[in-house]
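A quick write-up on the structure given underneath.
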Amino acid sequence: MSSTILVNGGNGRLGQIALSALEQSHEFEVVGCLGREDNLAGALRSSKPDLVFDATSSEVAVQHCAGIIEAGCRPVIGSSGIGHAEYQRLKKLSQIHGVGGLVVPNFSLSAIIAIELSELAARYFSTAEIIEYHREGKADKPSGTSLETAERIRSSSGPANIDVHSVRMNVFSARQDIHLANEFERLQITTDVADGRAYQAGILLACQCALRASELQRGIGKILES
């Protein structure tokens, strides 16, 4: 039996990518697609979906996630703008309501693997810099993924001072170069997404795992390791 899912923010770029992937999947039944003017709370009451994929902006992602959890549905939040403190509050809320879900800053499997590799390697290098490239008009600068990468490097006994550089040109979809170096050698880890369809495998994986989660989790890196 397929799980029901509501797509919030379905008219945007990520929402359209998610909608296409979910509609082609036999595991999920899309029961609604909401735009900016639609009422999320009302849709949750009427459709009672198992899952809600939220592809709206970082400004409203926290509010939407809380509302989804309080409605007893499992959220999959596709936003890189939820900070650590906000995530911890949402995680506590999910524990209170007994609802699992995921907050996923990046659905690109190559980007997730690149972050994991940089975290593993960072302790062996004394300096680090990150260059992230996206299309013009991307709201967050630096990107949430680059900031998370820097934090993961620091937390793994890597370099403490990490410069993050942002490039905005329409020739790029999403790219990140992670540079780790010491006196005699340099390691470069690059992930380069050429088309938004690259996110579809990660979106489906996140939705699958959200159904099994016992509380709100962050990212799908640990899921790839299991």
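The values are calculated or read from the model by the stated rules, or taken from the named source; none is laboratory data. Quick caveat: nothing in here was measured; it's all calculated off a predicted structure. Backbone-built Cβ (ideal geometry, glycine too); neighbour counts: all protein chains shown. Remember, those area values only see protein heavy atoms, side chains included, never the ligands or the DNA or RNA. Shrake-Rupley method; radii C 1.70, N 1.55, O 1.52, S 1.80 Å.
Quick notes on this structure:
- Of all residues assigned to region 191-209, none qualifies as being assigned to a loop (DSSP other than H, G, I, E, B), open to solvent by less than 60 Å² (accessible area, probe 1.4 Å) and at pLDDT below 95.
- Filter pass, Ile96 being aliphatic (A, V, I, L, M) and within 20 Å of Gly219 (Cβ to Cβ): no
- Selection from region 3-40 of residues that are in a helix (DSSP H, G or I) and more than 18 Å from the chain's Cα centre (by Cα): Glu23, Gln24, Leu40
- Residue, farthest from Ile5 (Cα to Cα), within region 41-57, restricted to residues that are open to solvent by less than 40 Å² (accessible area, probe 1.4 Å), at pLDDT 95 or above and not in a helix (DSSP H, G or I): Ala55
- Filter result (of a type outside the set (D, E, K, R) and open to solvent by 80 Å² or more (accessible area, probe 1.4 Å)) within region 1-40: Met1, Asn11, Gln16, Gln24, His26, Asn39
- Boolean, Leu117 is touching a residue at least 40 places away in the same chain (Cβ under 8 Å), of a type in the set (A, V, I, L, M) and within 30 Å of Glu183 (Cα to Cα): yes
- When region 174-190 is filtered for residues that are in a loop (DSSP other than H, G, I, E, B) and in contact with a Phe, Trp or Tyr (Cβ under 8 Å, 6 or more places away or on another chain), only Asn182 remains.
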